[in-house]
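Shown next, in C-alpha cells, is the structure this report addresses.
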Amino acid sequence: MSGESKSAPDGAVAGAVGAFNPSLITGAEVQMSGTALESGEKDDIEVFRIRSKLYRFAKDVLGKEGLQERALGDCRLLRHIASGKFRFLMREEKMGYVRLNMFINPAQDIVSLR
C-alpha cells in the first residue's frame, strides 16, 4: 500500500490506533441537578460600583518583589439591609470568582460612610 488508508464503516480509519468512531458516542448531553446556587448578595444593597483591577504584592518567577495583577472586574461597595454593615466585594469579570470580600469597620477613619 502506498500511503493510502482504507475507510472502515462509520467513518473510522482502518488500522488507526485510537481512531475516532462517531457511532461510539452515546448520551453526550450532561444533565445538571436543579439546585440553584446563591451568591450571598440578596440581602445587600449596592451603594457604589467601579470597574477596577486588583493587585497583590508578591514575588515573581525571578524572585523579584512587586505588584502582580490578581483580577479585573467590578468592585462594589455593599450595605447589608438588616445589620447595616458595609463590605467591598470584587468578582472576577470572566468567571465570577470572588477575589475580594472585605468588611469595613466604621471605627476606622478611611471614609465617611454616614
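Quick notes
- On the stretch given as the stretch 64-104, residues that are within 16 Å of Phe48 (Cβ to Cβ), in a strand (DSSP E or B) and either touching a helix residue (DSSP H, G or I) at 6+ places or on another chain (Cβ under 8 Å) or among the charged types (D, E, K, R) (or both) total 5.
- Any hit, the stretch 71-87, residues being surrounded by 13 or more Cβ atoms within 10 Å (Cβ to Cβ), at pLDDT 90 or above and of a type in the set (Phe, Trp, Tyr): yes
- Tyr97 at pLDDT 75 or above, exposed (fewer than 12 other Cβ atoms within 10 Å of the Cβ) and aromatic (Phe, Trp, Tyr): yes
The values are calculated or read from the model by the stated rules, or taken from the named source; none is laboratory data. Please read all numbers here as calculations on a predicted model, not as lab measurements. Methodologically, a virtual Cβ is constructed for each residue, glycine included, from the backbone with ideal geometry; neighbour enumeration extends over all protein chains shown.
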